[in-house]
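Enquirer: Could you have a look at this structure, given as structure tokens, before my questions?
The values are calculated or read from the model by the stated rules, or taken from the named source; none is laboratory data. Bear in mind the structure is a predicted one, so any value in this text is a computation, not a measurement. Ideal geometry is used to build each Cβ from the backbone, glycine not excepted, and the neighbour counts take in all protein chains shown.
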Amino acid sequence: MIYSLPNHFKEAMWWEQRRDGSIVCKLCPRECILYQDLSPGACGVRVRVGNKLYSAVYGVSSGWALDPIEKKPLFHFYPGSCAFSIGTIGCNLFCLHCQNWFISQARYKRGSLSPPISLDTLTPEEAVKLTKKNRCTSIAYTYNEPIVWYEYMLDTAKLARKNGIKNVMITNGYINDEPLRELVKYIDAANVDLKGDENFYKRLTGTLHAPETILNAVTIMKEAGIHVEITILVIPEWNDSEEFFKWVARWIIDNFGPESIPLHISRFFPNYMLRSLPPTPIRTLEKARQIVLREGLKYVYVGNIPGHEGEHT
């Protein structure tokens, strides 16, 4: 069947068609196999149409705003500057505790060419124009997982770089090596969300091959010269153990040294499908910070506690 595709559908990168006619998305480790026409991948925004794979959110946004760069959080990258932040919908993880679930878990339905929520047009050209108009130093690809709108982010980043604008990616890091190596050519900084151990990723995010895939992504970014900071959202009973924080600190130090990657330890608040747990006790965050500092990390901050001394650089 021939479809009249909306303007926000653009042929995707990183896919292949197999002999049996199925299409395999090669963007992230899920490598979704799509057999049927108008079927989306797990992320909900990469859709098979005919014998091609399309990005269904190209040049459209669920929202944009002017943010301080520290909100990303990035404390060591152009501090005090403005970031023009944009997001769309969809995600390649299924975090039960997602803070932005209303956009990250919004997905195209099978058989539909219409987005599940209202989206506004924001082409790469318009994003760059608004960034310059508002005198922002960078464009931040954020709010929902930017990996799933890879083509939109990549084209915007290329245009931004031509205009002297920095590119910042706020990501879960769940991406295959080859597409990441192409993307990092145009990214200047990233905050990577390191969620927990293997059990955490399986149970709370529905994800396999993690955290090793995320650690590998951090390594590729650092090798490419990207400024990287890491955030851990500390959830009671799930990733608040002393052993976990020691492991994180040792991995960073052993691979990159004590000063190369700032670490943000952030407070969890009940949300989405994980409302049965209490907010993370502040003392838990303070203890975690002291653990990684004793292990030798130089720059460690606490987050989601306004005014706390641990937020100062």
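Enquirer: With respect to E286, determine if the residue is under 18 Å from H76 (Cα atoms) and either part of a strand (DSSP E or B) or in contact (Cβ under 8 Å) with a residue 24 or more places away in the chain (or both).
Expert: no
Enquirer: Does the range 9-31 hold any residues that are out of contact with any helix residue (DSSP H, G or I) (no Cβ under 7 Å at 6 or more places or on another chain), surrounded by fewer than 21 Cβ atoms within 10 Å (Cβ to Cβ) and on the phi < 0 side of the Ramachandran plot, and which are they?
Expert: If the condition is that a residue be out of contact with any helix residue (DSSP H, G or I) (no Cβ under 7 Å at 6 or more places or on another chain), surrounded by fewer than 21 Cβ atoms within 10 Å (Cβ to Cβ) and on the phi < 0 side of the Ramachandran plot, then F9, E11, W15, E16, Q17, R18, R19, D20, S22, V24, K26, R30 are the ones that fit.
Enquirer: Going by the structure shown, is F94 aromatic (F, W, Y), under 13 Å from the mean Cα position of the chain (by Cα), on the phi < 0 side of the Ramachandran plot and surrounded by fewer than 24 Cβ atoms within 10 Å (Cβ to Cβ)?
Expert: Taking the combined requirement at face value, the residue satisfies it.
Enquirer: Can you tell me which residue within the range 179-227, out of those that are within 27 Å of G164 (Cβ to Cβ) and in contact with a His (Cβ under 8 Å, 6 or more places away or on another chain), is surrounded by the most Cβ atoms within 10 Å (Cβ to Cβ)?
Expert: A190
Enquirer: Residue under question is T280, and the condition is that it be farther than 19 Å from N172 by Cα and either modelled with pLDDT of 95 or more or among the hydroxyl-bearing types (S, T, Y) (or both); does it hold?
Expert: Criteria met by T280.
Enquirer: Follow-up. Can you name the helices (runs of 4 or more DSSP H) wholly within the range 83-202 that have at least 3 residues being under 22 Å from G44 (Cβ atoms)?
Expert: 101-104, 150-162, 177-183
Enquirer: Also, quick follow-up: Among the residues of the range 282-292, is there at least one that is under 25 Å from N92 (Cα atoms) and of a type in the set (V, I, T)?
Expert: Checked against the condition, which is being under 25 Å from N92 (Cα atoms) and of a type in the set (V, I, T), the range 282-292 yields no hits at all.
Enquirer: Residues of the range 145-172 being in contact with an Asp or Glu (Cβ under 7 Å, 6 or more places away or on another chain) and either buried (at least 24 other Cβ atoms within 10 Å of the Cβ) or among the polar types (S, T, N, Q) (or both), which ones?
Expert: N167, V168, T171, N172
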